[in-house]
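Have a look at the structure below before the remarks.
The values are calculated or read from the model by the stated rules, or taken from the named source; none is laboratory data. Since this is a predicted model, take the numbers as computed values, not measurements. Because the Cβ atoms are built from the backbone with ideal geometry, glycine has one as well, and the counts that use them run over all protein chains shown. Heads up: the accessible areas ignore ligands, DNA and RNA and are worked out on the full protein's heavy atoms, side chains in. Shrake-Rupley method; radii C 1.70, N 1.55, O 1.52, S 1.80 Å.
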Amino acid sequence: MLTKKQYELLRFIETRLSHNGVSPSFDEMKEALGLRSKSGIHRLITGLEERGFIRRLPHRARALEILKLPEDVRPVPASLSSVQQTSNQPVGIESNIVSGKFKQHTPSQVNGSPTVQLPLYGRIAAGTAIEALSDPTSMIDIPPSMLGSGEHYALEVEGDSMIEAGIHDGDTVIIARCDNAENGTIVVAFVDDMEVTLKRLRRKGNSIALEPANAAYKTRICGPDQVKVQGRLVGLFRRY
């Protein structure tokens with residue numbers, strides 16, 4: 001699965017290669033995707049390479065090779081010249097969280113006890129922000145007492161930056177969907193339309209601080225337009 005930005009970048013690279021046989025520069029990618037820095041492009045390229053969608057050709061500047069496209073995407077026609085002309089359908093967790101398309105709670109039973117099934121959308125970083133990977137076919141059984149009103153979903157935690165808040169690597173967190181949260185709330189934050197992370201939210205003037213709960217990590221300061229709240233932490237599961 002790809003994040004929305006990874007998907008857009010892959011389509012943009014494919015468009016340029018199909019059009020003139022030359023991959024775009026990092027500056028061109030940054031402009032096409034509306035990102036502020038080339039470091040964001042570097043992270044996207046690395047993610048696409050790790051997932052086997054592209055390959056960087058050695059000893060050649062601006063040399064990228066498309067190895068595959070998502071199964072539901074046909075090759076991009078050469079007549080398309082910008083990422084905005086490609087499909088707007090995102091692939092990845094953002095397509096589920098940002099658009100608010102959640103599966104409804106499904107009543108079930110485990111060992112005779114009533115439970116509610118929530119979608120488990122994949123991993124979320126509690127450390128350096130990473131893309132969260134969607135797996136909409138996976139479900140998890142949750143006691144109804146853990147849930148309030150509204151829509152909920154589950155994510156698996158990766159990393160240790162929230163360990164002092166009792167959130168460990170491998171834990172499963174239960175998230176209530178919302179687009180705003182009070183200061184001090186632990187939230188799912190969608191950063192720069194590219195990364196998803198689990199952090200404590202603090203608003204300081206016109207800035208938003210995403211605070212870890214581990215002294216080994218630094219607080220990340222963002223502008224108000226860089227962060228979108230996708231939900232707040234309401235519960236946690238741990239397997240021993």
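Tally time: how many residues in the range 162-208 are under 18 Å from the mean Cα position of the chain (by Cα), closer than 28 Å to G34 by Cβ and in a strand (DSSP E or B)?
Count: 13.
Answer yes if at least one residue in the range 78-85 is in contact with a Leu (Cβ under 7 Å, 6 or more places away or on another chain) and either modelled with pLDDT under 80 or not in a loop (DSSP other than H, G, I, E, B) (or both), and no otherwise.
To start, the set of residues in the range 78-85 that are in contact with a Leu (Cβ under 7 Å, 6 or more places away or on another chain) comprises 83.
Then keep just the ones that are either modelled with pLDDT under 80 or not in a loop (DSSP other than H, G, I, E, B) (or both); that gives 83.
Checked the range 78-85: at least one residue is in contact with a Leu (Cβ under 7 Å, 6 or more places away or on another chain) and either modelled with pLDDT under 80 or not in a loop (DSSP other than H, G, I, E, B) (or both).
Suppose we keep only residues that are of a type in the set (K, R) and over 13 Å from P70 (Cα atoms) within the range 1-29. Which one would you say is nearest to the chain's Cα centre (by Cα)? Quick ask: steps written out before the conclusion?
Step one: list which residues in the range 1-29 are of a type in the set (K, R), which gives 4-5, 11, 16.
After this cut, where a residue has to be over 13 Å from P70 (Cα atoms) as well, the list is 5, 16.
Numbers: K5: 9, R16: 25 Å.
Result: K5.
Please specify each residue of the range 5-45 satisfying the condition of being part of a helix (DSSP H, G or I), closer than 16 Å to L57 by Cβ and open to solvent by 10 Å² or more (accessible area, probe 1.4 Å). Let's see the steps before the verdict.
First, the residues of the range 5-45 that are part of a helix (DSSP H, G or I): 5-20, 26-33, 38-45.
Applying the additional criterion that residues be closer than 16 Å to L57 by Cβ yields 13-14, 16-17, 26, 45.
Listed by number, the residues that qualify are E14, R16, L17, F26.
When residues of the range 46-56 are filtered for being open to solvent by 40 Å² or more (accessible area, probe 1.4 Å) and in contact with a Leu (Cβ under 8 Å, 6 or more places away or on another chain), how many remain? Write out each step before concluding.
Filtering the range 46-56 for residues open to solvent by 40 Å² or more (accessible area, probe 1.4 Å) gives 49-51, 55-56.
Checking the rest, the ones that are also in contact with a Leu (Cβ under 8 Å, 6 or more places away or on another chain) come to 51, 55-56.
Residues meeting the conditions: 3.
Could you list, ordered by first residue, the pairs with Cβ atoms under 6 Å in which the first is in the range 221-236 and open to solvent by less than 50 Å² (accessible area, probe 1.4 Å) and the second is assigned to a loop (DSSP other than H, G, I, E, B), at least 6 apart or interchain?
Q226/D192; V229/D179; V229/N180; V229/A181; G231/R177; G231/C178
Please give the number of the condition L155 fails out of (1) in contact with a strand residue (DSSP E or B) (Cβ under 6 Å, 6 or more places away or on another chain); (2) surrounded by fewer than 19 Cβ atoms within 10 Å (Cβ to Cβ); (3) within 24 Å of G40 (Cβ to Cβ).
Looking at each condition in turn, L155 falls short on (2).
Using the structure shown, decide if D192 is of a type in the set (D, E) and at pLDDT below 85. Reasoning before the result, please.
Details: of a type in the set (D, E): yes; at pLDDT below 85: yes.
When the stated conditions are applied, D192 passes them.
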